[in-house]
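Have a look at the structure below, then the notes.
The values are calculated or read from the model by the stated rules, or taken from the named source; none is laboratory data. All values reported here derive from a predicted model rather than from experimental measurement. Neighbour counts run over all protein chains shown; Cβ positions are idealised from the backbone, glycine included. Just the protein is used for accessible areas: all its heavy atoms, side chains included, with ligands, DNA and RNA removed. Shrake-Rupley method; radii C 1.70, N 1.55, O 1.52, S 1.80 Å.
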Amino acid sequence: MQFEEIKSLIEKELSGSVLGEDLISTPKALLIDSSQIKSVCEFLHTHEKTYFDSLSCLTGLDNGEEANTMEVIYHMYSIPFDLHLTLRVALDRSKPTVDSVTDIWKTADWHEREAYDLLGIQFKGHPDLRRILLPDDWEGYPLRKDYVEQEKYHEVKVKY
Amino acid sequence: MKQEENISLGGLKTGEGGIIISKLDDLLNWSRLSSLWPVGFGLACCAIEFMSTASSAYDLDRFGVIPRNSPRQADVMIVSGTVTFKMADRVKRLYEQMADPKYVISMGSCANCGGPYWEHGYHVLKGVDRVIPVDVYVPGCPPRPEALIGGFLKLQEKIRTESIMRPKALEKLMKKDAV
């Protein structure tokens, strides 16, 4: 099954969910409406022709103040059909919120926690959304473009 | 006592008295520096070098250095690797759990000053001496086993000059009071 076929499958089932495509990225990416990402994932996961049973990676991305968006990028793989696909959703940078996909892929749990930890993206419906790498009492989200590290952590100077 | 009598009574084989005269300081220092037991934990690639140092090729055992798995049994802490802020609290706790006299070897650039993370590593402690007192710094990224052994020899030198009559910490306190 080709990229175009997958795209038309989604468009047929969930019209208006595909906002665009990115053919340069590897694997090729579909830009998805953030409010429909969960239903698109669910559809791709269960459809008999795609059966994307593996979420290879989930990444958060900050595009900076100029673009004023954050992104969540889903890399998925279908083991029985050997298919690769990337989904991308753009979120409002001031309040980045998106539905969690942990119900579909258990592996999304820690990936979403990482995106929350480093970028502050909120995943609605996540069972245990806490920081995963940084200490619980850390201030701010370090991978945001406008991040400024805190002066002190537990009375110890942070800067060199 | 005659030698024949001594032997017949099951005495010393040399037939001489078993007394060695030494200073208490020297005895304590000698025993301390000859059995430096480090608390065994590794934080990054330096720990690999530390393991290599303990292996048969470099044989850290010959200096009486045996890694222990509890800070309660250890005399020296080797901070081998990058100390993150999250880990810094734990390192401090481990140090506090060690019994006196205790020493710290800071191994490698990361533990010394933050290493390659000094500028952009928001999560890295820029030198472990910001949370615990360090006795010996071993430079390198990571230091070779010879360098770590050098660090141990340096620490032994330091311990050799110690005295129970003039504890270093007390000296420092007295100085502060005077000022």
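A few points about this structure:
- Filter pass, A:D92 being modelled with pLDDT under 95 and closer than 14 Å to A:V40 by Cα: no
- Complete set of residues in region A:104-120 that are part of a loop (DSSP other than H, G, I, E, B), closer than 20 Å to A:E42 by Cβ and in contact (Cβ under 8 Å) with a residue 24 or more places away in the chain: A:I104, A:W105, A:T107
- Qualifying positions in region B:134-160 - open to solvent by 20 Å² or more (accessible area, probe 1.4 Å) and either touching a strand residue (DSSP E or B) at 6+ places or on another chain (Cβ under 6 Å) or within 14 Å of another protein chain (Cβ to nearest Cβ) (or both): B:V134, B:D135, B:Y137, B:A147, B:K154
- The listed residue being more than 14 Å from every other protein chain (Cβ to nearest Cβ), open to solvent by 20 Å² or more (accessible area, probe 1.4 Å) and among the aliphatic types (A, V, I, L, M), out of A:A115, A:A108, A:A67: A:A67
- Qualifying residue in region A:2-18 (condition: under 20 Å from A:A115 (Cβ atoms) and aromatic (F, W, Y)): no
- So A:H45, is it within 16 Å of A:T107 (Cβ to Cβ), open to solvent by 30 Å² or more (accessible area, probe 1.4 Å) and not in a helix (DSSP H, G or I): no
- Qualifying residue in region B:110-127 (condition: within 30 Å of B:K23 (Cβ to Cβ) and surrounded by 16 or more Cβ atoms within 10 Å (Cβ to Cβ)): no
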